[in-house]
Amino acid sequence: MASPLRDQPAPDDQRNVIIATILVAAIMFGWMFWFSPQPQQSRQASGPADTTQQAEPSATADTATADTGTTDTAAAPAGTTAETTPTADPEPSSADQSPTAAPSPPAADSITAAALQGTARTIVVETDLYTAVLSTKGGTLQRFTLKEYKQFNQVDPVQIVDTTAGGALSLSFRTPTGTQVDTRSLYFSASTEADTIRVEGEPATLTFEAPLGDGALRQTYTFHPDDYDLGLSVQQVNPASFATDEGYSLAWHGGMPYSEGGQEDELQYTGLYAYSGETLESVLLSDGDHGETRLSGAVSWIAVKNKYFTATVMPDSPDGVLGASLVGDKVGRATTEADFKELTGRLQLPRPRSEAQVDEFHLYAGPIDYYSLAGYERDLYTMVDYGWDWFEWMTKPLAKYLYIPMLTYLGEGMPDALGGGLPYGVIVILMAIFIKTLVYPLTKSSYRSMAQMRELQPKMEEIRDKYDDEPEKQQEEMMNLYRETGVNPLGGCLPMFLQYPILISLYQFIPKSIQLRQKSFLWASDLSAPDKILQLPFEIPFYGDYVAGFTLLMGLAMIVTMRVQSTPSSGGQAKMFMYAMPAVIFFIFNRFASGLSLYYLFYNIMTAAQQKWINMQLEEEKDDDGNLTNGQADGDPDSKGFFGRLMERAREAQKEQR
C-alpha cells in the first residue's frame, strides 16, 4: 500500500526548502531596501512653484525675480526694475562663496566702475514651448519655464533654472588690476526697450552689452519659435583692456529645481555631467557631500540634469575649449528636510585673438528626449543611466532601437487619421506583447526542457537509489541518461536567463521615460509614478502606506502563470514558491512606476497564454507511451538533440584518447 506521504518532501528536503525560502526572502528584501525608489511625497498645495523645490529666496534686494510664492507671471512682471548701488566690499575668493549663490559685486575700479551702476530690468521672451525671463543685471537667464510640462501637482510649469542662484549663466574673468569679475554683478544695456518679446515664425535675438575698460562685453541670445535650443554669442571688444591672458569661463549655476514630488528620489537623479574625448564625467554626490571634477582639453558639452530634464551648454568649437570643471555640494536648506545639490559647471576658454572673434554656444533647456538630443550629434543621451555597466551592452541598444522608437512613433508619430497616436498605456501593453512574442522561441525551448526533465525524474530517482553510495558512478549514469535522451539539464534555465537583460533594461528605462511622465491610463494618473488605489492609515516598512493597482494585478497574474506551469506531481516546495514569489514581487513593485507594473502584468498574462499553448503542443508530441518525441521520428540522427550529440562527441573523443 502506498504511503500517503509519498509525494511529500523528505525531512532533509523540507529543511532545504525552509533555508532556501529564508535566503530568497533575504535577497529580495535586500534588493528592495537598496534599489526600490523612495515614496513620492505630495507637495503642499499652498507652496510656491519654485521655492519649495530648490532653495530659500535670495536675500539680495536687486534680484528682480526672487521667489515670493507666486507663479512665474506674478513673480517676474514685464518691466520690473530695482535700483542698486555699487559696493566697495572686497572681492571674495570663489572658494568662500556657495557654488550657486549670487556673487558679490567686485570692488569698483576704472575697468568695472561703469558696469557696476545701473537698473535691473527684466525682459520676458515667449515662445510656444517656454517662457524665458532675462535680466539686464548680469545679462542672464533668471527663469526658464516649460509650457508643455507641469510639475508633480500638474498645475505649475516645470522650472529649469535655479531661481535663487542670481542667474543661470555667467562669464568670469580676471581684470588686469587683479579683480575677479562675475558678470552676474554687472549691469548691461539691452538691444530692445520692449518688456516682452514674442517669438513667432522667425528666430529672435536679444543682445546685452556692458562697458568694461576701453572695451565692451556683448552677449547675444537667439531664441527659436519651435525648439528648446538657444543660441549664445559672446563677443569681447578690445578684451586686452579688461581681461588678462587667462581667458574667461562660461558657467551654469544651480541644479535642476525639484518637480516630481518625491524629493529624496529625485535627488538621486540630479547631477552634473561633462563629455570630453568620448568619455562621460560626472558629479553625482552619491557617496559624499562634496564632489569636484576637472578636465583639460577639448570639451563637447557640460550639463546639469534631473530625472526628466536637462540644461546643456555646448560650445560650437569644442577643440577651442581649454577645459572644464564640475563642482557640487550637498546642503540642507530651511525650506525642506531634504538635501539639495548646489551644482556649478564651467567651460574655460581662451581670450579672443581679435575683436572680430565671436565665441558661439548652444544651450538646450528642455526634456531629456532622445531624438531632440540626438539631433546635436554629440552623444548627449549618454548622460542617461542605462543601468549597471555590465548590462549596458544590451540595455542601451534595446532602449535606443526598440523602447524609444515604439513610445515615440506609436505615441506621437502616427498619422492624424489614426488619431495621431495611441494611449501610452496601450503602447506599454503592446511592448509587453511584442517582446514576449520576440522571446517566444527561448520560452518554448525552456519549457520543453523543463517538461523533458520532469519525465526523466523517475529514472533519475532510480539512478540515485541504485548508486546512492557511489557518487562518481551516479554522476556517470546521469550523464549517460542525458546523452541517450538528448535532454540538456541546463536547457530550462539558460533560455530564461537570456531574457533577464530585457527585463532589467525595462526596469531601468520605463521609470525614467519622458514619454510616460504624467501620462494617464485607466485609473493611473501618471504612468511614471505608483498608481495608488487604496490609501492605508499606516505605513508598512519597505512597502509604503498605499496599495498600487497594477502591482496587485501583476501579483495575481504571477500566481495564475505559476499554476499553469505547475503539474499534478508538483510537491510542497513548488506550491510554496507559487505563492511566496508573487508576494515578494508584490511587496517590491508597490513603489515602482505604474507603467513598469503594467508592463509586467501583461508580460505575465502573455507568459501564461504561451505556457498553455506550449503545453498543448507538448501533449500532441507525446508517443503512445506518453513520452515526448521532440517532434522527431525514432532513428532520426537529430532526435538526441544538441546536448545529446555534444555528449556523444565528448564520449567518442574520450575513447580515442584511451
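So the values come out like this:
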{"read-out": "E656 vs. criteria assigned to a helix (DSSP H, G or I), at pLDDT below 75, over 41 Å from the mean Cα position of the chain (by Cα) and surrounded by 12 or more Cβ atoms within 10 Å (Cβ to Cβ)", "value": "no"}
{"read-out": "Qualifying residue in region 165-173 (condition: open to solvent by 20 Å² or more (accessible area, probe 1.4 Å), within 25 Å of G255 (Cα to Cα), of a type in the set (S, T, N, Q) and in a strand (DSSP E or B))", "value": "no"}
{"read-out": "Residue list for region 141-155, filter: assigned to a loop (DSSP other than H, G, I, E, B) and under 27 Å from D329 (Cα atoms)", "value": "Q151, F152"}
{"read-out": "Residue that is nearest to A365 (Cα to Cα), among those in region 95-150 that are among the polar types (S, T, N, Q) and at pLDDT 90 or above", "value": "T145"}
{"read-out": "So L430, is it surrounded by fewer than 19 Cβ atoms within 10 Å (Cβ to Cβ) and either at pLDDT below 85 or among the polar types (S, T, N, Q) (or both)", "value": "no"}
{"read-out": "Number of the condition not met by L522 [criteria: (1) in contact with a Gly (Cβ under 7 Å, 6 or more places away or on another chain); (2) exposed (fewer than 14 other Cβ atoms within 10 Å of the Cβ); (3) modelled with pLDDT under 80]", "value": "(3)"}
{"read-out": "Unmet criterion (only one of (1) crowded, with 17+ Cβ neighbours inside 10 Å; (2) over 29 Å from Y440 (Cβ atoms); (3) modelled with pLDDT under 80) for Y546", "value": "(3)"}
{"read-out": "Only listed residue being touching a residue at least 40 places away in the same chain (Cβ under 8 Å), β-branched (V, I, T), open to solvent by 60 Å² or more (accessible area, probe 1.4 Å) and farther than 21 Å from L527 by Cα, chosen from T382, T437", "value": "T437"}
{"read-out": "Selection count where residues are surrounded by 18 or more Cβ atoms within 10 Å (Cβ to Cβ), of a type in the set (S, T, Y) and in a strand (DSSP E or B), scope region 223-245", "value": "0"}
{"read-out": "Scope region 291-312; condition assigned to a strand (DSSP E or B), of a type outside the set (G, A, S) and open to solvent by 10 Å² or more (accessible area, probe 1.4 Å); matching residues", "value": "E292, T293, R294, L295, K305"}
{"read-out": "Residue within region 184-195 that is assigned to a helix (DSSP H, G or I) and more than 30 Å from L516 (Cβ to Cβ) present", "value": "yes"}
{"read-out": "Test: residue in region 151-171 that is free of Cβ contacts under 8 Å to residues at least 60 places away in the same chain and more than 29 Å from L349 (Cα to Cα)", "value": "yes"}
{"read-out": "When residues of region 318-361 are limited to those that are open to solvent by 60 Å² or more (accessible area, probe 1.4 Å) and among the polar types (S, T, N, Q), the one modelled with the lowest pLDDT", "value": "T335"}
{"read-out": "Any strands (runs of 3 or more DSSP E) falling wholly within region 246-289 and containing at least 1 residues that are of a type outside the set (F, W, Y), open to solvent by less than 20 Å² (accessible area, probe 1.4 Å) and modelled with pLDDT under 90", "value": "271-276, 279-283"}
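This table checks each residue for (1) open to solvent by 10 Å² or more (accessible area, probe 1.4 Å); (2) closer than 30 Å to L516 by Cβ.
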residue: T136; (1), (2): no, no
residue: R143; (1), (2): no, yes
residue: T207; (1), (2): yes, no
residue: G215; (1), (2): yes, no
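Here's the yes/no breakdown for (1) farther than 21 Å from R517 by Cβ; (2) part of a helix (DSSP H, G or I); (3) modelled with pLDDT under 90:
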{"position": "L363", "(1), (2), (3)": "yes, no, no"}
{"position": "Y376", "(1), (2), (3)": "yes, no, no"}
{"position": "G387", "(1), (2), (3)": "no, no, yes"}
{"position": "W393", "(1), (2), (3)": "yes, yes, yes"}
{"position": "A399", "(1), (2), (3)": "no, yes, yes"}
{"position": "Y403", "(1), (2), (3)": "no, yes, yes"}
{"position": "Y409", "(1), (2), (3)": "no, yes, yes"}
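Residue-by-condition table, conditions (1) at pLDDT 80 or above; (2) of a type in the set (K, R):
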residue	(1), (2)
A557	yes, no
M562	no, no
Q565	no, no
S570	no, no
K575	no, yes
F589	yes, no
F592	yes, no
L598	yes, no
N604	yes, no
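The values are calculated or read from the model by the stated rules, or taken from the named source; none is laboratory data. None of the values given here were measured: they were computed from a predicted structure. Please note: Cβ atoms are built from the backbone with ideal geometry, for glycine as well, and neighbour counts cover all protein chains shown. For the accessible areas, the whole protein counts, side chains as well, though only heavy atoms, and no ligand, DNA or RNA atoms are used. Shrake-Rupley method; radii C 1.70, N 1.55, O 1.52, S 1.80 Å.
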